[in-house]
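The values are calculated or read from the model by the stated rules, or taken from the named source; none is laboratory data. Everything numeric in this text was worked out from a predicted model, so none of it was measured. Cβ atoms come from the backbone with ideal geometry, glycine included; neighbour counts cover every protein chain shown. Heads up: the accessible areas ignore ligands, DNA and RNA and are worked out on the full protein's heavy atoms, side chains in. Shrake-Rupley method; radii C 1.70, N 1.55, O 1.52, S 1.80 Å.
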Amino acid sequence: MAITTYAELQTAISTWTGDTFTSAQVQEFIALVEARLNRLLRTQEMETRATATVSGEYLILPDDFLEQRSIEIGGDQRLEYVTPAQMSEYQTETGEPRYYTVTDGQFRFQPVPANSYSLEVVYYKKIPALAVGNTTNWVLDNHPDLYLASCLTMAEVFGWNDGRAAGFKAAGAEIIAEIESQELKRRVGSSPLKMRTGIPYERLGINR
């Protein structure tokens, strides 16, 4: 059967596991798999662009935030990312921000803004969670096999005890590797990658 919706995914999991688990448990498997995929995947489908105004040292992260890509101020000046530990080295008087970090659920800027500034933030967002009111997402649309294999692996953790579990786990890992390979090709094309000094990692789609 096709797996194109939240309900169809639940039915498939129940069929493969022989109705060993309750509906609530199957839904929990799906939620746990989504949490894991949010840790593992970084694809163009997860990128989003948002605007904000900053007028203080801190700015609360978006609710769906996973990881930053870049921040520009005034539409054309990219801020430099530094680690939270390094931020103390850049503390100065107030002025136009030049550096940022992510700490305690917030962006932090230095110098502390002297006025209000417009920001354009590019970041990786969470995978939209499947639910009764959200019956599909880009992972299910493009990779239903990843959802199924990962959920069956999760079922094994919860006591399914099926001899095929190792195969499901290996299949899930292989699909993730294929997605990562596909993502690299989408970002740099089929031509050989040429590294040049001075090009930020993030412009090549490579996470440091």
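A search for C-beta distances below 7 Å between a residue of the stretch 174-188 that is in contact (Cβ under 8 Å) with a residue 24 or more places away in the chain and part of a helix (DSSP H, G or I) and any residue that is surrounded by 13 or more Cβ atoms within 10 Å (Cβ to Cβ) and among the polar types (S, T, N, Q), counting only pairs 6+ apart in sequence or on different chains, returns Ile179/Thr43; Glu183/Thr43.
Pairs linking a residue in the stretch 135-160 that is over 12 Å from Leu32 (Cα atoms) and in a helix (DSSP H, G or I) to a residue that is of a type in the set (Asp, Glu) and open to solvent by less than 20 Å² (accessible area, probe 1.4 Å), with Cβ atoms under 9 Å and 6 or more positions apart or on different chains, are Val139/Glu34. Close Cβ contacts (under 9 Å, 6 or more residues apart or on different chains) running from residues in the stretch 31-49 that are under 20 Å from Arg186 (Cβ atoms) to residues that are open to solvent by 20 Å² or more (accessible area, probe 1.4 Å) and aromatic (Phe, Trp, Tyr) comprise Thr43/Trp138; Glu45/Trp138; Met46/Trp138. All of (1) open to solvent by 40 Å² or more (accessible area, probe 1.4 Å); (2) at pLDDT below 95 hold for Arg78 with one exception: (2).
Of all the residues in the stretch 117-134, those that are over 19 Å from Gln44 (Cβ atoms) and in a strand (DSSP E or B) number 5. Among the residues of the stretch 158-183, those that are within 22 Å of Lys126 (Cβ to Cβ), open to solvent by 30 Å² or more (accessible area, probe 1.4 Å) and among the aliphatic types (A, V, I, L, M) comprise Ala173, Ala177. Can you name every residue in the stretch 16-49 that is under 15 Å from the mean Cα position of the chain (by Cα), surrounded by fewer than 17 Cβ atoms within 10 Å (Cβ to Cβ) and either assigned to a loop (DSSP other than H, G, I, E, B) or among the β-branched types (Val, Ile, Thr) (or both)? Hit for the stretch 16-49 is Thr48, nothing else.
Report, by residue number, each residue of the stretch 81-116 that is assigned to a loop (DSSP other than H, G, I, E, B), open to solvent by less than 40 Å² (accessible area, probe 1.4 Å) and touching a Gly at 6+ places or on another chain (Cβ under 8 Å).
The initial filter retains those residues of the stretch 81-116 that are assigned to a loop (DSSP other than H, G, I, E, B), namely 82-86, 91-94, 96-98, 104-105, 111-112, 114-116.
From what is left, the residues that are open to solvent by less than 40 Å² (accessible area, probe 1.4 Å) are 82, 97, 111-112.
Within the stretch 81-116, Pro111, Val112 qualify.
In the set (1) outside any helix (DSSP H, G or I); (2) within 18 Å of the chain's Cα centre (by Cα); (3) surrounded by 13 or more Cβ atoms within 10 Å (Cβ to Cβ); (4) in contact (Cβ under 8 Å) with a residue 60 or more places away in the chain, the condition left unmet by Ala52 is number (2).
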